[in-house]
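> Provided herewith is a single structure, encoded as structure tokens, for subsequent inquiry.
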Amino acid sequence: MEGKNFSVYDLEKHQTKDVADSHINGELTVIWRDWDNLIKNHPKMVYVNSVNSGEIKGPHIHKNRTTSFSCIHGNVVLIIQDNDGKFHEIKADSEKPVLITVSNGIASAIVNPTAKIAKVLVLADIAWKPNDNEMIDVSFDNYDWDKWKSG
């Protein structure tokens, strides 16, 4: 899936095997390889963003930074407002991993609509520094946030 200001890519999952007897002992998910060209500008910072149950992070805009997200634990919904004002809701979870890239200058928020903490791996093409004034908080005044409330 691809929009003007964001993209979503399905990610590869591979089973891993025990070295002694080759039984399946887990899996490996490929988030990014420099030769895949999923991320145009190579990441300069990688971090894990935790989102508590029922919480919303954002919405905000990164003035300079393009950011890629992959949910590595739990479930989240990324809300993106494109330049035309249209909202896009992209569900992401650790079972069917995707990489969501949001261009700089585009407003987005991460919602955790579940009862458990979610964790999102974030790859950014510009490293964050405290007080760098790179982020602008915004509000999605005409967005229905109530749909994500439990109960």
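> Suppose every K and R has +1 on its Cβ and every D and E has -1 on its Cβ; what is the size of the dipole of the chain about the Cα centre, in Debye to the nearest 20?
Computed charge dipole of the chain: roughly 200 debye.
> Turning to a different aspect of this structure: Which listed residue (Asn133, Ile80, Leu121) has the Cα farthest towards the positive end of the charge dipole for the chain, taking +1 on Lys and Arg C-beta and -1 on Asp and Glu C-beta about the Cα centre?
Asn133
> So which aspartates and glutamates can Lys63 reach, going by Cα to Cα under 18 Å and dropping same-chain residues fewer than 8 places off?
Asp82, Asp84, Asp125, Asp132, Glu134, Asp137
> Could you work out the relative contact order of the chain, using alpha carbon pairs under 8 angstrom and six or more residues apart, expressed as a whole percent?
This gives 32 percent for the chain.
> Give, as a single signed number, the net charge of other residues whose beta carbon lies under 13 Å from the beta carbon of Ser94, with Lys and Arg counted +1 and Asp and Glu -1. Write out the running numbers ahead of the final one.
Numbers: positive: Lys13, Lys91, Lys96, Lys116, Lys119; negative: Glu27, Asp93, Glu95.
Combined, the nearby Lys, Arg, Asp and Glu give +2.
> When the chain is modelled as a GNM with alpha-carbon springs shorter than 10 Å, which of Ser108, Ser53, Ser22 fluctuates the most?
Among Ser108, Ser53, Ser22, the largest mean-square fluctuation in the Gaussian network model of the chain belongs to Ser22.
> Over its Cα atoms, what ratio of radius of gyration to 2.2 N^0.38 Å does the stretch 38-151 give?
Rounded to two decimals, the normalised Rg is 1.02.
> State, as an integer percentage, the relative contact order of the stretch 73-151 based on alpha-carbon contacts under 8 Å between residues 6 or more apart.
33
> Would you please give the FRET efficiency between Lys147 and Asn64, computed as 1/(1 + (r/R0)^6) with r the Cβ-Cβ distance and R0 = 30 Å, to the nearest 0.05?
0.45
> In percent, how large is the relative contact order of the stretch 1-84, given Cα pairs closer than 8 Å and 6 or more residues apart?
21
> Could you tell me which of the pairs Lys40/Lys149; Lys57/Lys86; Lys13/Lys119; Lys13/Lys91; Lys44/Lys119 are separated by over 24 angstrom between their Cα atoms in the structure shown?
Going by Cα-Cα distance, Lys40/Lys149 fall outside the 24 Å limit.
Each reported figure results from applying straightforward, stated rules to the coordinates on display, with no laboratory input. These figures come from a predicted structure and were not determined experimentally. Ideal geometry is used to build each Cβ from the backbone, glycine not excepted, and the neighbour counts take in all protein chains shown.
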